[in-house]
Each structure stands twice: as C-alpha cells, then as structure tokens.
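The values are calculated or read from the model by the stated rules, or taken from the named source; none is laboratory data. It should be emphasised that the depicted structure is a prediction, and the values quoted were computed from it without experimental measurement. We place every Cβ from the backbone using ideal geometry, glycine too, and count neighbours over all the protein chains shown.
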Amino acid sequence: MTLDEIKNLNKDKCPKFSSFMKNQLPMPGIKKHLDEILNREITVVDYRLRKSVQKSGTECLQMQFIMDNEVCVLFTGSCVLINQIQEAKNNIPFAGTIVKIDRYYSFS
C-alpha cells in the first residue's frame, strides 16, 4: 500500500484479527492435567487438534471445558480421547466424565 492509501484507510471496515484467526488465538482457561479431572463431570465446550510438540508425528488435543464453574483447558496426546472428541464434535457442548481404563483414558 502507498502512504496515501494507508492514510485514507477506513479502519472501521477492517476485519478484526480475532474474527478470522480464532483458531490461532490461545484458548482461555485454567490449565488442568488429566489426573486433576479424572472421574469428575466436565462440560466440553470446544477443542482443537494440533501437531504434538512432545511427540513428533502425533497429534495433541487441546480441550476447553467447564468444571466447578471454572473455564479450564487440557492438553493430551491420548488417541482414545482424540478419536472420541472427533466423533462427538457435532454434539459440543456436552457433559461427560473422563475415566482411566488400564493405561487408557476414555470419556464415559
């Protein structure tokens, strides 16, 4: 853009970054670990899948939920939870409980 174009720019017509890059903004909430929420009912309100920074070639689930009237976020590489949340995506928000079965975590 030229300086004249920049000076004449109508800022009110510019879209807000947050309106078109929602998935790039941090998900607000108190960070929780799986062991802190096991066997407790949560309400899942949103999720994202990203490449894992912990284990190359795998995915990481970032899940936003409500527990005890607080908005929280969780990060996990659990394949079972990733598969379950992808299958439940059309039902979000939903209430559920994460349980540990042997070495695996699962919604129940």
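Okay, here's what the table says:
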| read-out | value |
| --- | --- |
| Residue in the range 11-20 that is free of Cβ contacts under 8 Å to residues at least 40 places away in the same chain, polar (S, T, N, Q), over 16 Å from Thr97 (Cα atoms) and surrounded by fewer than 10 Cβ atoms within 10 Å (Cβ to Cβ) present | yes |
| Ile82 vs. criteria in a helix (DSSP H, G or I) and surrounded by 15 or more Cβ atoms within 10 Å (Cβ to Cβ) | yes |
| Qualifying residue in the range 97-105 (condition: surrounded by 14 or more Cβ atoms within 10 Å (Cβ to Cβ) and touching a residue at least 60 places away in the same chain (Cβ under 8 Å)) | yes |
| Condition check for Lys16: among the basic types (Lys, Arg) and modelled with pLDDT of 95 or more | no |
| Filter result (of a type outside the set (S, T, N, Q), closer than 17 Å to Ile42 by Cα and assigned to a loop (DSSP other than H, G, I, E, B)) within the range 53-79 | Asp68 |
| Test: residue in the range 77-88 that is more than 16 Å from Gly29 (Cβ to Cβ), of a type in the set (D, E, K, R) and within 12 Å of the chain's Cα centre (by Cα) | no |
| Filter result (in a loop (DSSP other than H, G, I, E, B), modelled with pLDDT of 95 or more and surrounded by fewer than 11 Cβ atoms within 10 Å (Cβ to Cβ)) within the range 27-39 | His33, Asn39 |
| Unmet criterion (only one of (1) exposed (fewer than 14 other Cβ atoms within 10 Å of the Cβ); (2) not in a strand (DSSP E or B)) for Arg50 | (2) |
| Unmet requirement for Lys55, which otherwise passes all of (1) surrounded by 11 or more Cβ atoms within 10 Å (Cβ to Cβ); (2) of a type in the set (D, E, K, R); (3) without any contact (Cβ under 8 Å) to a residue 24 or more places away in the chain | (1) |
| Total residues in the range 97-108, condition more than 23 Å from Ser52 (Cβ to Cβ) and outside any loop (DSSP other than H, G, I, E, B) | 1 |
| Search result, residues across the range 87-96 that are in contact (Cβ under 8 Å) with a residue 24 or more places away in the chain and either part of a helix (DSSP H, G or I) or of a type in the set (A, V, I, L, M, F, W, C) (or both) | Ala88, Lys89, Ile92, Phe94, Ala95 |
